[in-house]
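This report refers to the structure that appears directly beneath it.
The values are calculated or read from the model by the stated rules, or taken from the named source; none is laboratory data. These numbers come from a predicted model, not from an experiment. In this analysis, Cβ positions are derived from the backbone assuming ideal geometry, glycine residues included, and neighbour counts consider all displayed protein chains.
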């Protein structure tokens with residue numbers, strides 16, 4: 001009996017350990033928020049969390065809170081966030097990997113009632129309307145942008161001066177870009193690349209730059225197989241394989257683009273604001289930025305992309321979470337992010353952006369390059385590239401498949417573009433297919449056949465084993 | 001009562017004994033309970049749940065999963081990518097016979113009376129207890145286009161370097177090579193070594209007296225007598241081969257031009273489950289994989305099992 005009691009006790013301890021939750025708050029209300037791990041975010045968000053906690057506890061001494069920031073590794077970020085939602089332990093505020101999907105599945109809060117309740121409309125209205133439009137689903141806002149990036153042309157003035165070339169301007173065309181890249185590309189006597197004229201952006205950005213579109217305005221059909229897309233991709237392919245003024249995507253993977261730019265091995269580099277975060281701390285690096293010029297279709301590329309925070313529908317303290325979200329997206333907090341070089345201001349208007357446009361660390365007016373073409377911008381969360389019915393990973397894989405074939409010298413671009421359009425339309429059709437009515441008799445018949453097959457296989461095996469004996 | 005010193009009737013004594021035995025059995029089962037609970041919660045239930053999920057559509061976030069009967073299996077049959085990954089998985093398994101032959105040769109070599117024999121055995125077994133991720137990072141360096149050892153050797157031999165991880169077929173061969181390298185040393189070699197040491201040396205002595213060659217001794221003594229081990233290694237390698245590739249693809253080929261060329265069924269399951277959140281489809285693929293392994297193992301038992309010599 002002693003053994004039995006011991007065994008029951010052991011079983012109870014193990015079972016209790018399985019279900020024990022260790023994250024219960026002790027007194028203060030716990031507000032958690034998460035972002036993917038990025039050294040600048042880690043410092044800034046940990047600090048913002050501490051500031052909000054201190055501010056709140058000062059204003060509400062009888063209702064204290066404890067803010068916890070969780071920096072999650074980028075590789076498994078989406079999986080961890082999803083697992084937390086499924087387990088019922090979602091962070092109160094987090095960066096959503098797949099915004100539309102989480103909204104569709106009811107995993108995040110509709111912010112509209114809280115905007116009204118906390119009279120936050122005035123603060124929200126200061127955000128770029130393009131960004132807000134991309135965040136609205138059926139007229140409702142479910143998340144707030146917390147950073148913004150646009151691509152610009154980083155260039156090395158020293159290398160331009162050495163060739164006695166004029167610096168890039170907003171009026172540059174793709175032909176100007178090619179001519180400059182050709183002059184700035186240097187090879188050794190054996191033909192090895194020692195200085196690359198241009199480090200390009202992703203191929204799909206070239207498509208958007210030339211006014212190609214991935215989706216119809218209502219995002220129900222892929223239309224990437226267009227003359228504009230083909231023209232853009234042919235130009236990029238020629239840059240890589242015909243004129244050889246920029247590395248292929250395979251070569252780019254083997255070398256760090258920013259490092260080659262810092263080491264004067266790349267003359268022009270298309271990148272977002274985040275590169276500034278690295279360059280501005282290196283005094284020996286000579287760099288300037290210019291707006292991206294015009295494509296063959298006369299279009300400027302301005303792709304607005306950034307990060308978003310949402311509030312989990314599992315939060316126990318939606319009002320506090322909303323006020324924290326407002327705090328995180330306030331001009332003061334965003335300014336910290338802008339100063340580090342991780343974002344451009346997310347609030348529009350000359351007054352809001354004056355500190356950025358007159359940044360004393362940069363030549364006067366240079367930062368205006370980030371806003372070039374913004375009136376006609378493509379927003380990354382909008383339908384131009386991403387489709388709300390796709391997961392980001394699904395779209396990335398389809399794009400990667402295309403890139404692998406594109407990265408060959410003899411790539412048949414019209415055929416590849418057609419295949420890309422078909423594959424994206426196939427995924428869309430599958431994602432939006434109406435629910436099938438399961439045929440129970442057919443299902444039962446199949447299961448019966450499968451059982452017979454399994455039974456037959458086992459009998460066959462048993463007979464073989466018997467015969468072998 | 002004679003023969004019953006404490007005065008208990010035989011029927012009562014029997015029932016008390018049975019009760020005590022029952023309590024002991026119960027205690028035994030209760031001691032097993034923690035382990036059995038773990039097995040039930042973390043193995044059996046998920047397996048059964050995945051079987052049910054194979055007939056459902058579920059993205060983790062919504063509950064309950066939606067029943068779609070055989071849609072996932074229908075989709076699997078029509079999924080070109082899936083068959084492409086089945087091809088990749090089987091292609092990488094082409095390294096298995098070479099790995100088996102290599103490990104047998106290595107075991108025969110290390111079974112000789114060599115100096116520092118134990119040191120060699122340790123060296124060849126080293127990769128088995130080194131973390132897989134660390135090994136893959138070493139391979140990543142070996143295969144690097146610009147400064148990798150493989151290309152350095154090729155260039156030193158007057159050949160051109162190969163973009164191993166960005167060209168589809170180059171990546172396939174690189175993965176095949178990695179599989180071969182993994183298969184040669186490690187457990188297979190140890191199993192063969194154990195099998196070789198179990199062969200009666202008198203058989204070799206008698207054969208030597210008869211003037212047989214090394215090849216004849218290998219063909220007529222060594223090979224038949226290690227056949228149970230070979231059979232075991234073949235079965236385990238085929239099962240392992242079907243389930244392999246995840247870490248190699250994740251660490252070496254993810255987001256590269258060659259990702260598609262080296263993606264295996266294992267990685268595709270992960271991708272569907274945790275990237276695309278198609279838990280139902282991922283479960284269907286898992287069960288298909290189980291079926292594939294089951295059929296291959298049955299065929300092995302049927303055709304290879306009868307050729308095994310246990311004495």
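Structure above, values below:
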| read-out | value |
| --- | --- |
| Helices (runs of 4 or more DSSP H) contained in the stretch B:165-278 and holding at least 3 residues under 30 Å from residue A:255 (Cα atoms) | B:168-184, B:259-262, B:265-270 |
| Hits in the stretch B:64-89 - residues which are away from chain A (no Cβ under 13 Å) and touching a residue at least 40 places away in the same chain (Cβ under 8 Å) | B:82, B:86, B:88, B:89 |
| Some residue of the stretch B:77-88 being at negative phi, outside the structural domain of residue B:237 (by TED's automatic domain parsing), in contact with a helix residue (DSSP H, G or I) (Cβ under 6 Å, 6 or more places away or on another chain) and modelled with pLDDT of 90 or more | no |
| Test: residue in the stretch A:154-169 that is under 30 Å from residue A:331 (Cβ atoms) and either modelled with pLDDT of 90 or more or within 14 Å of chain B (Cβ to nearest Cβ) (or both) | yes |
| Matching residues, the stretch B:51-72, being over 23 Å from residue A:102 (Cα atoms) and surrounded by fewer than 18 Cβ atoms within 10 Å (Cβ to Cβ) | B:51, B:52 |
| Checklist (1) surrounded by 10 or more Cβ atoms within 10 Å (Cβ to Cβ); (2) more than 9 Å from chain B (Cβ to nearest Cβ); (3) within 43 Å of the chain's Cα centre (by Cα); (4) at pLDDT below 80 applied to residue A:429, failing item | (4) |
| Residue check for residue B:124: closer than 28 Å to residue B:249 by Cβ, within 14 Å of chain A (Cβ to nearest Cβ) and within 21 Å of the chain's Cα centre (by Cα) | no |
| Members of the stretch B:164-176 found to be free of Cβ contacts under 8 Å to residues at least 40 places away in the same chain and surrounded by fewer than 21 Cβ atoms within 10 Å (Cβ to Cβ), listed by number | B:173 |
| Yes/no for residue B:245 being in contact (Cβ under 8 Å) with a residue 12 or more places away in the chain, under 30 Å from residue B:199 (Cα atoms) and more than 13 Å from chain A (Cβ to nearest Cβ) | no |
| Boolean, residue A:404 is away from chain B (no Cβ under 11 Å), within 30 Å of residue A:231 (Cβ to Cβ), without any contact (Cβ under 8 Å) to a residue 24 or more places away in the chain and in a helix (DSSP H, G or I) | no |
| Identity of the residue in the stretch A:347-366, under 26 Å from the mean Cα position of the chain (by Cα) and over 29 Å from residue A:286 (Cβ atoms), that ends up surrounded by the most Cβ atoms within 10 Å (Cβ to Cβ) | A:347 |
| The stretch B:34-63, subset touching a strand residue (DSSP E or B) at 6+ places or on another chain (Cβ under 8 Å) and under 25 Å from residue A:314 (Cα atoms), residue farthest from the other protein chains (Cβ to nearest Cβ) | B:58 |
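Residue-by-condition table, conditions (1) surrounded by fewer than 16 Cβ atoms within 10 Å (Cβ to Cβ); (2) under 27 Å from residue B:73 (Cα atoms); (3) without any contact (Cβ under 8 Å) to a residue 24 or more places away in the chain:
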position	(1), (2), (3)
B:209	yes, no, yes
B:225	no, no, no
B:238	no, yes, no
B:267	no, yes, no
B:286	no, yes, no
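Every residue, every condition in (1) under 17 Å from residue A:154 (Cα atoms); (2) within 14 Å of chain B (Cβ to nearest Cβ); (3) surrounded by fewer than 23 Cβ atoms within 10 Å (Cβ to Cβ), yes or no:
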{"position": "A:254", "(1), (2), (3)": "no, yes, yes"}
{"position": "A:269", "(1), (2), (3)": "yes, no, no"}
{"position": "A:278", "(1), (2), (3)": "yes, no, yes"}
{"position": "A:283", "(1), (2), (3)": "yes, no, yes"}
{"position": "A:288", "(1), (2), (3)": "yes, no, yes"}
{"position": "A:297", "(1), (2), (3)": "no, no, yes"}
{"position": "A:302", "(1), (2), (3)": "yes, no, no"}
{"position": "A:307", "(1), (2), (3)": "no, no, yes"}
